[in-house]
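Take a look at the structure set out below.
What follows draws every value from the coordinates through simple rules; no lab data is involved. Please read these numbers as outputs of a predicted model, since none were measured by experiment. No Cβ is skipped: glycine too gets one built from the backbone with ideal geometry, and neighbour counts run over all protein chains shown.
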Protein chains: 2
Amino acid sequence: MTVTPMQQSLISHFGEMGSRWGLNRTLGQMYALIVLTEQPLNADQISDALLISRSNVSMGIKELKSWNLIKLQHIPGDRKEYFSAPKDIWEIARTLIIERRKRELDPTLSTFRDALLQDPANEADKYTQQRVQDMHDLMEMVTIWSTELQNMSSDKLSTLLKLGSGVGKILDAKERFLSK
Amino acid sequence: MTVTPMQQSLISHFGEMGSRWGLNRTLGQMYALIVLTEQPLNADQISDALLISRSNVSMGIKELKSWNLIKLQHIPGDRKEYFSAPKDIWEIARTLIIERRKRELDPTLSTFRDALLQDPANEADKYTQQRVQDMHDLMEMVTIWSTELQNMSSDKLSTLLKLGSGVGKILDAKERFLSK
DNA sequence: TACAATTTTCAGAAATTACTGAAAATTCAA
DNA sequence: TTGAATTTTCAGTAATTTCTGAAAATTGTA
């Protein structure tokens, strides 16, 4: 399991990014390695390639599993477990959307709802609730979107994204669709 | 500058979330306080309300400024600087999208492009480039979208988001239209 | 200009998070 | 079963990040 210079620079970058994200450096590197390698890898190979301890890999894998980001495989005649990433990049994207929604949006929405159910104790609370209401509404819409994306095929997701350069067009499409 | 229980629980939640995000706990709390309070606040008030040192507030403000998340105000006859958040929640959302794109997508896209320009040293590199190409394409579309959103008025952004669960249907309609 | 008010900086301390090696637990073939 | 191969756990250590107080810098007024 040797890492080419090209792979190394990508792995490093994902390490940096991973720590800026909710993950940590090692996790970012591990996932980069798995995504960029065609063959499934076992824990020892990951440990060798990234120069991190076997136990660190074990913890990383546990985390990646909890994010549903890796596939588990077995190779006949080999007792080790092998890990790989989905070959469809859209599937990875979809998983990331779902998992981040679960971890970030859902609990926040629930905190917002709690606050909105309370009686405002004074003017300050009234203002607070008003702001919470705005954030709640926005976030709920984002949630609905993410649910939608979650159920969308890769093809469809791709079509939607490609529509990008003219989101305005989508709005137009909506008008036409609804008004006929 | 007293914080009501309702505000306190929201501030705590944002603290938790902030650290899961790229920000840190204090920054999350600071921004929650500013967003949830109607009046602009000065650094001492923030320091009092959150029980953190004046210098910590100063660093936090610097960071929030770099994210373009706060507005700076002066109150006549008072030399202190006062801080507030945009009243339009969509504006805050838009700013977050822009800033995160700058910090996360742009550098990543550039790393991807570097890798794609290199000559693959072997089969492993060829596979790596293929995967990078996929990720690049996806991320470029996301970038285009975010640019689009950046230039969209709050009204239009709101309309688009409200479309939510209707998006799939519109795409269906489009498919049917194109394939006949 | 002088100076009080305010903000910023920054070295070190405190807190948090990540990582390791050793040991425990699990798995599976014989 | 047994025991070798493999994975997981976890206490302690290392590394990183955050926070503070003191001092320096800046600002604005008289």
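Please compute P(r) over all alpha-carbon pairs of chain A, binned at 10 Å starting from zero, and give each bin as a whole-number percent.
Taking all Cα pairs of chain A, the binned fractions are 8, 26, 26, 21, 13, 5, 1, 0 percent.
Taking loop as defined by DSSP and a crowding limit of 15 other beta carbons within 10 Å, which chymotrypsin sites (Phe, Trp or Tyr not before Pro) in region B:70-128 fit?
none
Under a point spin-label approximation (7 Å from Cα along Cα-to-Cβ), what is the B:E91-A:E91 distance to one decimal in nm?
So the label points at B:E91 and A:E91 sit 4.5 nm apart.
Per residue, what volume in Å³ does the Cα convex hull of region B:5-84 take up?
Convex hull volume per residue, Cα atoms: 84 Å³.
Pull out the extension gain between A:A121 and A:E99, defined as 0.36 nm times the separation in residues minus the alpha carbon to alpha carbon distance; nm, one decimal.
Additional length available on full extension: 4.4 nm.
Please arrange B:D125, B:D155 by how many other C-beta atoms lie within 10 Å of their C-beta, fewest to most.
B:D155, B:D125
What does the structure give for B:124-131 when I average, per residue, the other chain Cβ atoms found within 10 Å of the residue Cβ?
Taking the mean over all residues of the peptide, I get 6.
Which whole number of Å³ per residue matches the convex hull of the alpha-carbon atoms in region B:78-129?
Cα-based convex hull of region B:78-129, divided per residue, equals 110 Å³.
Run the label-point distances for A:E123 please: 7 Å along Cα to Cβ, every other copy, nanometres, shortest first.
Spelled out, the distances from A:E123's label point are 7.4 nm.
Please report Rg (one decimal) and Dmax (integer) in Å for the Cα set of region B:40-125.
20.3, 70
Skipping prolines and chain starts, which residues have an amide H placed within reach, meaning under 5 Å, of the one on B:E81, given they are 5 or more residues away or on another chain?
B:A43
Less than 14 Å Cβ to Cβ from A:Y82, Lys/Arg counted +1 and Asp/Glu -1: what total charge do the surrounding residues give?
Neighbourhood net charge equals 0.
Expressed as an acute angle from 0 to 90° and rounded to the nearest 10, what is the orientation of the C-alpha long axis of helix A:89-100 relative to the principal long axis of chain A?
Approximately 60 degrees, to the nearest 10.
Normalised radius of gyration for the protein assembly as shown, please: alpha carbon Rg relative to 2.2 N^0.38 Å, two decimal places.
Here the Cα radius of gyration is 1.12 times the empirical estimate.
R0 = 25 Å: FRET efficiency of B:S158 with B:S110, Cβ-based, nearest 0.05?
After rounding to 0.05, the efficiency reads 0.20.
What percent do you get for the relative contact order of chain A when only Cα pairs under 8 Å and 6+ apart count?
Across chain A, relative contact order equals 14 percent.
Given A:K102/A:K162; A:K162/B:K87; A:K156/B:K65; A:K126/B:K162; A:K62/A:K87, which pairs have Cα atoms separated by over 31 Å?
Those over the limit are A:K162/B:K87; A:K156/B:K65.
Can you sort A:D114, A:D119 from fewest to most other Cβ atoms within 10 Å of each residue's own Cβ?
A:D119, A:D114
Distance between the C-alpha centers of region B:1-47 and region A:27-65? Whole Å please.
Using only Cα atoms to place each centre, the spacing works out to 37 Å.
Taking θ = phi - 60°, what integer Hz values does the Karplus form 6.51 cos²θ - 1.76 cosθ + 1.60 yield along region B:118-131, in sequence order, with x for Gly and Pro?
6, 7, x, 7, 6, 4, 4, 5, 4, 5, 4, 5, 4, 5
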